[in-house]
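Peer 1: Next up is a structure, given as C-alpha cells.
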Amino acid sequence: MLRLLRIELLKLIPYRTFKILFLIYLLLMVLWLVGGKGIANTLGLTPEQVLGYPNIWNYYTLYACYFNIILTILIIFITGNEYTYRTLRQNIIDGLQRTETVQAKVLLIITLSIISTIVLTISGVIGGLIYSADADKGRMLEHGGFIFGYFIQSLGMMSMGLFFGTLFKRTGLAVIIFLIFLFPVDVILRAGILPDGSGDYMPVATYFLKIVPFPLDHVMSHGEEPTASAPTMLSLGVGFAYAVLFAGISWMITKKRDL
Amino acid sequence: MEPVLVTVQLKKHYGPIQAVNGLDLAVQKGSVYGILGPNGSGKTTTLGMLLGITNPTSGSFSWFGKGQIDDNRKRIGSLLEQPNFYPYLTGEQNLKVVALIKGVDEKEIDGVLSAVNLLDRKKSQARTYSLGMRQRLALASALLGNPDVLLLDEPTNGLDPQGIAEVRDFIRNQSAQGRTIILASHILDEVEKVCTHVSVIKKGNLLAQGTVNDLLKGEDQVEIAGDNLAALAEQLVNYPGIKRTELLSGNILLHVEEGFNPAALNKYFSDKQIHLSHLVARKKRLEEQFLELTAE
C-alpha cells in the first residue's frame with residue numbers, strides 16, 4: 001500500500017501543473033477567509049454570523065466544495081496523462097497489476113482528501129478565532145460535522161475525476177466533458193427531465209447541494225440559529241457510495257481495456 | 001532445458017480481424033529467440049499479450065513455468081518500439097518509479113545509467129532527451145533489476161547503421177551473460193545474425209518454428225538454359241542430387257542438395273552432345289526464403 005502511494009507521490013510532486021493547481025486551491029481557501037466580510041455583506045449578514053464559530057463550518061465548506069473542482073481537474077490530468085504518455089502501459093509492463101494502478105490513484109485521492117480537509121480545518125479554526133464574537137469563541141467545533149462532509153465530498157469529486165480521466169483518456173476532452181456534466185447536464189436532468197425531487201441525489205446535486213446545504217433559513221432569518229448543524233446521514237451515505245462507484249467503474253474499465 | 005516461455009493456442013481477435021490466431025511458441029532458457037514476420041503479422045500484439053497490456057481473446061501463456069501472474073513481468077526487461085516516460089520527470093526519477101514497481105534497490109539506478117552513458121544527464125527532464133537518449137534510458141530501465149529475460153520489439157527501428165551495430169552487439173553481450181532474449185523483427189537479416197531460434201509468423205499464424213540453422217539456411221540452386229528446355233528437363237529426371245526442377249520461361253531452375261557439383265552437370269550434358277548456353281550456381285537468398293515462407 002505504502003509502496004503504491006510512494007510511486008504516486010514520486011510522479012506527482014515534481015509535476016508543475018500539480019504545484020500550480022494546488023497553489024490556486026490554497027489561495028482560494030485563504031482568499032475566502034480574507035474576503036469573508038464581503039461575502040457576509042452580500043448575504044445580508046455580519047462577518048461574525050458567517051465567519052464566526054460555529055457557522056463558519058457550514059459556509060466555509062460550502063465554498064470549499066467548489067474549490068475542490070480544481071483538485072478534481074488535477075486528478076483528471078494525472079489520470080489522462082498516464083494514457084497520453086503511455087506510462088500506464090509502461091507501469092504494467094514493468095510489473096504493476098492493473099488493479100494496483102487504480103489502487104494507487106485511489107490512495108492518492110484519499111491522501112489529497114485528508115490534506116485538503118486538514119487545510120480546511122486549520123484555516124477554519126484560525127478564521128473562526130479572528131471573526132468569532134467573544135461569546136462564540138468556545139463553540140469552535142460545533143457543526144464540525146460539515147468538516148467530515150467536506151472530506152466525503154473531496155473523495156467523491158476526485159473519484160469522479162478518476163472516472164472521467166479513465167473513460168476519456170485524453171485530458172482536454174475529459175476536463176471539458178466533466179465541466180459539461182458538472183453544470184448543464186446535471187441541471188437540465190434535474191430541473192427539466194426527471195420528475196420533481198427524483199434527481200436530488202444525482203452525483204453533482206449530492207456533492208454541491210445535499211452534503212453541505214446552503215443555510216437558507218440562516219440567511220432568511222438574518223442570523224437566527226440555522227437548523228442544519230451537520231450533513232444528513234443519507235447525503236453522506238449517497239456521497240460515499242458514488243465515490244466507491246466511480247472508483248469501481250474506473251477499476252473495471254482499466255481491468256478490461258487493451259492498453 | 002527448461003522453457004522460459006510457453007504459449008498455448010494464444011489468440012487475439014479484434015472483431016472479425018484475427019490479429020493473432022492460435023500461436024504455440026516455446027522459448028528455451030538461454031536462447032536468442034526471434035519472432036519474425038512482416039509488418040502487421042501480429043508480433044506486437046503477441047508481445048502485448050505476453051506483457052499484460054493486451055487481453056488475449058483465448059489461449060494461455062506461461063512465463064518461467066508460473067503461469068500469467070503479474071510478478072513474472074518484474075523479471076522481464078522490455079524495450080518496445082517507443083520508449084514511454086514521464087516527460088516532466090528526470091531520467092533518474094523515471095527510473096525510481098520503475099525501481100519501486102519492480103521492487104529493485106534504488107542504488108542500482110546509477111549503475112544502469114552509467115552502462116548506457118546517461119549518468120551525467122540523470123538530473124535532466126526526460127523531455128529534454130533526444131530520441132537516442134530516450135532509447136538508452138529505456139534500455140537502462142530494461143536492465144534494472146537484472147532481468148532473466150529481455151524482450152525487444154523492433155529494437156533497431158529508425159536507427160542509423162552504427163546504432164544498429166550497437167544494438168546487435170548489446171544483444172550478443174546480454175546473451176553471452178546467460179540472459180534469454182526474445183526479439184521481434186521484420187528484418188530477416190537481423191534475426192539471422194543474432195538469433196539462435198526463430199518462429200515465423202504471418203497474419204497471426206505460426207508458419208514455422210525451429211533453430212535458425214534449420215529454418216533459414218540458404219538453399220543451393222543451379223540455373224541452366226539451352227536450345228530446347230524441355231529436352232534438357234527430360235535429361236535431368238534421373239540426375240542425382242536434384243530435389244526439384246522448375247521450368248521457367250527462359251531457363252530451368254534446379255533446387256539441389258548441398259555439395260552439388262555444377263561442373264559435373266556440364267560434363268554430363270556435353271557427353272550427351274547437349275550444350276548449355278547458360279549455367280549459374282548460386283545460394284538462394286534468404287530474403288527469397290523468407291518471402292516464400294510468408295507468401296500466400
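The values are calculated or read from the model by the stated rules, or taken from the named source; none is laboratory data. Since we're looking at a predicted model, the values are computed, not measured. No Cβ is skipped: glycine too gets one built from the backbone with ideal geometry, and neighbour counts run over all protein chains shown. These accessible areas exclude ligands, DNA and RNA; they are computed on the full protein's heavy atoms, side chains included. Shrake-Rupley method; radii C 1.70, N 1.55, O 1.52, S 1.80 Å.
Peer 1: Residue check: is B:Ile187 at negative phi, buried (at least 20 other Cβ atoms within 10 Å of the Cβ), in contact (Cβ under 8 Å) with a residue 12 or more places away in the chain and in contact with a Ser or Thr (Cβ under 9 Å, 6 or more places away or on another chain)?
Peer 2: Answer is no for this residue.
Conditions tested, residue by residue: (1) free of Cβ contacts under 8 Å to residues at least 12 places away in the same chain; (2) under 30 Å from A:Arg86 (Cβ atoms); (3) in a helix (DSSP H, G or I); (4) among the aromatic types (Phe, Trp, Tyr).
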position	(1), (2), (3), (4)
A:Phe181	no, yes, yes, yes
A:Val212	no, no, no, no
A:Thr227	yes, no, no, no
A:Gly248	yes, yes, yes, no
A:Ile253	no, yes, yes, no
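Peer 1: Taking into account only those residues within segment A:78-103 that are at the interface with another protein chain (Cβ under 7 Å from one of its Cβ atoms) and assigned to a helix (DSSP H, G or I), which is nearest to A:Val175 (Cα to Cα)?
Peer 2: Top of the filtered list is A:Thr87.
Peer 1: Return the residues of segment A:216-242 that are at pLDDT 85 or above and more than 19 Å from A:Gly145 (Cα to Cα); say none if nothing qualifies.
Peer 2: A:Tyr242
Peer 1: OK, next. Among the residues of segment A:159-215, which ones are at pLDDT below 90, among the β-branched types (Val, Ile, Thr) and open to solvent by 60 Å² or more (accessible area, probe 1.4 Å)?
Peer 2: Scanning segment A:159-215 gives A:Val187, A:Ile188, A:Ile193.
Peer 1: How many residues are at pLDDT below 85 and exposed (fewer than 15 other Cβ atoms within 10 Å of the Cβ) if we restrict to segment B:236-249?
Peer 2: 8
Peer 1: Right, here's the next one. Consider segment B:91-116. How many of its residues are touching a residue at least 40 places away in the same chain (Cβ under 8 Å) and at the interface with another protein chain (Cβ under 7 Å from one of its Cβ atoms)?
Peer 2: 2
Peer 1: Moving on. Is it the case that segment B:22-45 has a residue that's in contact (Cβ under 8 Å) with a residue 60 or more places away in the chain, within 11 Å of chain A (Cβ to nearest Cβ) and either more than 27 Å from A:Ile78 (Cα to Cα) or out of contact with any Ser or Thr (no Cβ under 8 Å at 6 or more places or on another chain) (or both)?
Peer 2: no
Peer 1: Do you know which of the residues in segment A:226-259 that are within 14 Å of chain B (Cβ to nearest Cβ) and open to solvent by 50 Å² or more (accessible area, probe 1.4 Å) is farthest from the chain's Cα centre (by Cα)?
Peer 2: Checked segment A:226-259; the qualifying residue farthest from the chain's Cα centre (by Cα) is A:Asp258.
Peer 1: If you don't mind, another one. In segment B:117-140, how many are without any contact (Cβ under 8 Å) to a residue 40 or more places away in the chain and within 18 Å of A:Asp94 (Cα to Cα)?
Peer 2: Counting residues in segment B:117-140 that are without any contact (Cβ under 8 Å) to a residue 40 or more places away in the chain and within 18 Å of A:Asp94 (Cα to Cα) gives 1.
Peer 1: Can you tell me which residue among B:Ser62, B:Ser124, B:Ser78, B:Ser175 is open to solvent by less than 50 Å² (accessible area, probe 1.4 Å) and at the interface with chain A (Cβ under 9 Å from one of its Cβ atoms)?
Peer 2: None of the others qualify; the one that does is B:Ser78.
Peer 1: Ok, one more. Output the residue which, of all residues in segment A:11-25 that are at the interface with chain B (Cβ under 8 Å from one of its Cβ atoms) and touching a Ser or Thr at 6+ places or on another chain (Cβ under 9 Å), is most open to solvent (accessible area, probe 1.4 Å).
Peer 2: Top of the filtered list is A:Pro14.
Peer 1: Condition test on B:Leu143, is it in contact (Cβ under 8 Å) with a residue 60 or more places away in the chain, open to solvent by 10 Å² or more (accessible area, probe 1.4 Å), under 30 Å from B:Leu36 (Cα atoms) and touching a Leu at 6+ places or on another chain (Cβ under 9 Å)?
Peer 2: Spelling it out, B:Leu143 is indeed in contact (Cβ under 8 Å) with a residue 60 or more places away in the chain, open to solvent by 10 Å² or more (accessible area, probe 1.4 Å), under 30 Å from B:Leu36 (Cα atoms) and touching a Leu at 6+ places or on another chain (Cβ under 9 Å).
Peer 1: Something else about it: Could you say whether any residue in segment A:104-119 is surrounded by fewer than 22 Cβ atoms within 10 Å (Cβ to Cβ) and not in a helix (DSSP H, G or I)?
Peer 2: Checking segment A:104-119: not a single residue is surrounded by fewer than 22 Cβ atoms within 10 Å (Cβ to Cβ) and not in a helix (DSSP H, G or I).
Peer 1: Only one of these conditions is not met by A:Lys37: (1) in a helix (DSSP H, G or I); (2) more than 14 Å from every other protein chain (Cβ to nearest Cβ); (3) in contact (Cβ under 8 Å) with a residue 60 or more places away in the chain. Which number is it?
Peer 2: With respect to (1) in a helix (DSSP H, G or I); (2) more than 14 Å from every other protein chain (Cβ to nearest Cβ); (3) in contact (Cβ under 8 Å) with a residue 60 or more places away in the chain, A:Lys37 is out only on (3).
Peer 1: Another question, if that's okay. For segment B:81-93, enumerate the residues that are under 19 Å from B:Gly48 (Cα atoms) and open to solvent by 30 Å² or more (accessible area, probe 1.4 Å).
Peer 2: Result: B:Glu81, B:Gln82.
Peer 1: Looking at segment B:251-267 only, could you name the residues that are surrounded by 11 or more Cβ atoms within 10 Å (Cβ to Cβ) and assigned to a helix (DSSP H, G or I)?
Peer 2: Within segment B:251-267, B:Pro262, B:Ala264, B:Leu265, B:Asn266, B:Lys267 qualify.
Peer 1: If you don't mind, there's one more thing I want to ask. Mind listing just one residue for me: the one in segment A:104-131 that is of a type in the set (Ser, Thr, Tyr) and within 15 Å of the chain's Cα centre (by Cα) and, of those, nearest to the other protein chains (Cβ to nearest Cβ)?
Peer 2: My answer is A:Thr111.
Peer 1: Identify, from the list B:Leu25, B:Leu36, B:Leu47, the residue that is open to solvent by less than 40 Å² (accessible area, probe 1.4 Å), under 22 Å from A:Leu88 (Cα atoms) and either under 16 Å from the mean Cα position of the chain (by Cα) or at pLDDT below 95 (or both).
Peer 2: B:Leu47
Okay, residues lined up against (1) within 23 Å of the chain's Cα centre (by Cα); (2) facing chain A (nearest Cβ under 10 Å):
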site: B:Leu51; (1), (2): yes, yes
site: B:Asn72; (1), (2): yes, yes
site: B:Gln82; (1), (2): yes, yes
site: B:Phe85; (1), (2): no, yes
site: B:Leu89; (1), (2): no, yes
site: B:Thr128; (1), (2): no, no
site: B:Gly145; (1), (2): no, yes
